[in-house]
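The values are calculated or read from the model by the stated rules, or taken from the named source; none is laboratory data. What you see is a predicted model, and the numbers here were worked out from it, not measured in a lab. Cβ atoms come from the backbone with ideal geometry, glycine included; neighbour counts cover every protein chain shown. Areas reflect the complete protein model, heavy atoms only, side chains present, ligands, DNA and RNA absent. Shrake-Rupley method; radii C 1.70, N 1.55, O 1.52, S 1.80 Å.
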Amino acid sequence: QVQLVESGGGFVQPGGSLRLSCAASGINFSIYAMGWYRQAPGKQRDMVATISSGGTTNYAESVKGRFTISRDNAKNTVYLQMISLKPEDTAIYYCSAGRWARRTPDYWGQGIQVTVSS
C-alpha cells in the first residue's frame, strides 16, 4: 500500500516560515519524482514544486525564491521549506509521487492545511 503522509502544516502570520514534511512508504522512493501541490477553496489543484529522482527541481512562478523542495532518500521523506509566506499561500498542501516530475503524479497524500493570516 502506497502512503504519503504530510506533516508540519498549521497557522502562520504573513512573512512567517513553515516546513512541510512528507513521509512515503510502499514505493521505491529513490526512483520516484516527488512533489507538492496546493488547492485553495474554489480553485484547482496546482503544482507548487517538484523534485526528480536525480534532484532536479521545478517551482511555480508564484513561489520561486520563497519555497525550497528537498528530499532525503535515506528517510523516504520530501520536504517543502516555505519562507516569506503570504496570505495567497493559504491552501491545502498535498504531497505527491510519480515516475516523472512533469507528469500528473500517480499517488497523493491526504493533504495538510496551511493558513497564512494576521
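Condition test on I31, is it at pLDDT 95 or above, within 11 Å of the chain's Cα centre (by Cα) and of a type in the set (V, I, T)?
Judged against the criteria, I31 is not a match.
Tell me whether the range 55-62 contains one or more residues that are within 13 Å of W108 (Cα to Cα), outside any helix (DSSP H, G or I) and in contact with a strand residue (DSSP E or B) (Cβ under 9 Å, 6 or more places away or on another chain).
There is no residue in the range 55-62 that is within 13 Å of W108 (Cα to Cα), outside any helix (DSSP H, G or I) and in contact with a strand residue (DSSP E or B) (Cβ under 9 Å, 6 or more places away or on another chain).
For the subset of the range 89-115 comprising residues that are buried (at least 21 other Cβ atoms within 10 Å of the Cβ) and hydroxyl-bearing (S, T, Y), which member is farthest from I31 (Cα to Cα)?
For the range 89-115, the residue satisfying everything is Y93.
Could you grab the pairs with beta carbons closer than 8 Å, sequence gap of 6+ or different chains, first residue in the range 57-75 and under 14 Å from S21 (Cα atoms), second one part of a loop (DSSP other than H, G, I, E, B) and not β-branched (V, I, T)?
R71/G55
Conditions (1) open to solvent by less than 50 Å² (accessible area, probe 1.4 Å); (2) part of a strand (DSSP E or B); (3) small (G, A, S), marked per residue:
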{"site": "Q1", "(1), (2), (3)": "no, no, no"}
{"site": "G15", "(1), (2), (3)": "no, no, yes"}
{"site": "L20", "(1), (2), (3)": "yes, yes, no"}
{"site": "A24", "(1), (2), (3)": "yes, yes, yes"}
{"site": "I27", "(1), (2), (3)": "yes, no, no"}
{"site": "G42", "(1), (2), (3)": "no, no, yes"}
{"site": "T50", "(1), (2), (3)": "yes, yes, no"}
{"site": "S53", "(1), (2), (3)": "no, no, yes"}
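Are there any pairs, at least 6 apart or on different chains, whose C-beta atoms fall under 7 Å, with the first in the range 15-35 and free of Cβ contacts under 8 Å to residues at least 60 places away in the same chain and the second open to solvent by 50 Å² or more (accessible area, probe 1.4 Å) and among the β-branched types (V, I, T), and if so, which?
Note: pairs meeting the criteria are A23/V5.
Keeping to the range 87-112, report how many residues are more than 14 Å from Q13 (Cα to Cα), of a type in the set (S, T, N, Q) and touching a residue at least 24 places away in the same chain (Cβ under 8 Å).
Summing the residues that are more than 14 Å from Q13 (Cα to Cα), of a type in the set (S, T, N, Q) and touching a residue at least 24 places away in the same chain (Cβ under 8 Å) in the range 87-112 gives 2.
Within the range 2-11, is there a residue that is of a type in the set (D, E, K, R) and more than 17 Å from E88 (Cα to Cα)?
Yes - at least one qualifying residue is present in the range 2-11.
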